[in-house]
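Here's the structure we're looking at; comments come further down.
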Amino acid sequence: MDTQPLSSQPTLMFDIEHFKQLYKTFDNETPAQLPKLYHPTIIFKDPIHELKGLAALTDYFANFCKQGNQYRFEFTNEVISHDQAFFQWHMHYAHPSLANGKPLLLNGGTLIKFNAQIIYHEDFYDMGAMIYQHVPLLGWAVRKINARIAEHAQ
């Protein structure tokens, strides 16, 4: 009779640490790494896009890695269950068109679903905090609207 204890955690077929490392060092090499983690029929969503397929995702990420753009993710929390995981993160980024290229910080989250590779990836973040608040005239208007809404919520 086998006396080995049964594991209460399922064996993951997907390497979560490899996923996190890819985003911790998000750079020009990132698009070439995607086929190792993402399924060819990946569905990717964020507040701006919904992409289908690895080629579309690779092109999207290649745009992020253009010269002058800098991104780095710091994972702050994670919940992993069977074939999905949710991560909270801080994205450290700089873009020449935002805040005169100064370093910025964005809080967000990512849900991934996977088997041997990621089949679904959805990012959650506030577009106002990422872009709109850092565009000179538009940023001023967004901050005023946010302040007014906060004032009336009290």
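Each reported figure results from applying straightforward, stated rules to the coordinates on display, with no laboratory input. Please read all numbers here as calculations on a predicted model, not as lab measurements. In this analysis, Cβ positions are derived from the backbone assuming ideal geometry, glycine residues included, and neighbour counts consider all displayed protein chains.
Straight-distance candidates among the aspartates and glutamates for linking to LYS24, with alpha-carbon spacing under 16 Å and chain neighbours fewer than 8 residues away dropped: ASP15, GLU74, GLU78, ASP123. Taking each of LYS66/LYS113; LYS45/LYS102; LYS36/LYS66; LYS52/LYS113 in turn, the alpha-carbon distance tops 25 angstrom for LYS66/LYS113; LYS45/LYS102. Here, the stretch 16-126 has an Rg and a Dmax of 13.6, 43 Å when only alpha carbons are counted.
Distant-in-sequence amide contacts of TYR38, defined by a placed amide H-H separation under 5 Å and a gap of 5 or more residues or a different chain, comprise ILE118. Net charge around LYS20, counting only other residues with Cβ within less than 11 Å of its Cβ (Lys, Arg = +1; Asp, Glu = -1)? My count for the surroundings of LYS20 gives -3. Stretching the chain fully between ALA62 and GLU29 yields a gain of 11.0 nm (0.36 nm per residue, less the alpha carbon separation). Given a Förster radius of 35 Å and the C-beta distance between LYS113 and GLU151 as r, what FRET efficiency does 1/(1 + (r/R0)^6) yield to the nearest 0.05? Taking R0 as 35 Å, the efficiency between LYS113 and GLU151 is 0.30.
Using C-alpha pairs under 8 Å with a sequence gap of at least 6, the mean separation divided by the residue count of the stretch 16-126 gives a relative contact order of 25 percent.
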